[in-house]
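Colleague: Structure provided below as structure tokens; questions to follow.
The values are calculated or read from the model by the stated rules, or taken from the named source; none is laboratory data. No experiment lies behind these values; they were computed from the predicted model shown. All Cβ positions, even for glycine, are placed from backbone atoms using ideal geometry, and neighbour counts span all protein chains on display.
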Amino acid sequence: MALFIQEENRHSHWLGEFLKAQGYPLLRSCWTDAVFRVARKLLGFGLMAAVLVCAEIVAVPYYTAVREMTGSAWLRVICTRLLSDAGDALAIPGGEPGGGVAALEIVADVEGLS
């Protein structure tokens, strides 16, 4: 979990540097961050992992679209890195590439949610 959070912080740093260079202000805080921190402590590991896998699954088409639509070479590089990391996060050893659904099914099985 700590490595995942570290990776997400790195992603937000990259995106933040891009936004600052474009002259956009950065948020100092966001209510969703507070909700995530509380939920992470209250929910079991399996349910929290399922939420994180869902976020990674949503990130793939989103950052693919941003990468394809932007005119910025810098943002395309950032999106490519984000997509690579999302692919790594969703990979199941010995499984199919982009196995996010399989990852979600494994978490559901562990938690007895399936």
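Colleague: Modelled with pLDDT of 95 or more, surrounded by 15 or more Cβ atoms within 10 Å (Cβ to Cβ) and either under 19 Å from GLU7 (Cα atoms) or of a type in the set (Phe, Trp, Tyr) (or both): which single residue out of LEU75, LEU52, LEU90, LEU83 fits that description?
Modeller: LEU75
Colleague: Do you know which residues across the stretch 19-49 are charged (D, E, K, R) and either touching a residue at least 60 places away in the same chain (Cβ under 8 Å) or surrounded by 10 or more Cβ atoms within 10 Å (Cβ to Cβ) (or both)?
Modeller: Selection gives LYS20, ASP33, ARG37, ARG40.
Colleague: Please enumerate the residues belonging to the stretch 1-26 that are at pLDDT 90 or above and either among the β-branched types (Val, Ile, Thr) or not in a helix (DSSP H, G or I) (or both).
Modeller: Passing the criteria: GLN22, GLY23, TYR24, PRO25, LEU26.
Colleague: I would also like to ask the following. Would you be able to tell me the number of residues in the stretch 58-83 that are touching a residue at least 40 places away in the same chain (Cβ under 8 Å) and more than 16 Å from the chain's Cα centre (by Cα)?
Modeller: 3
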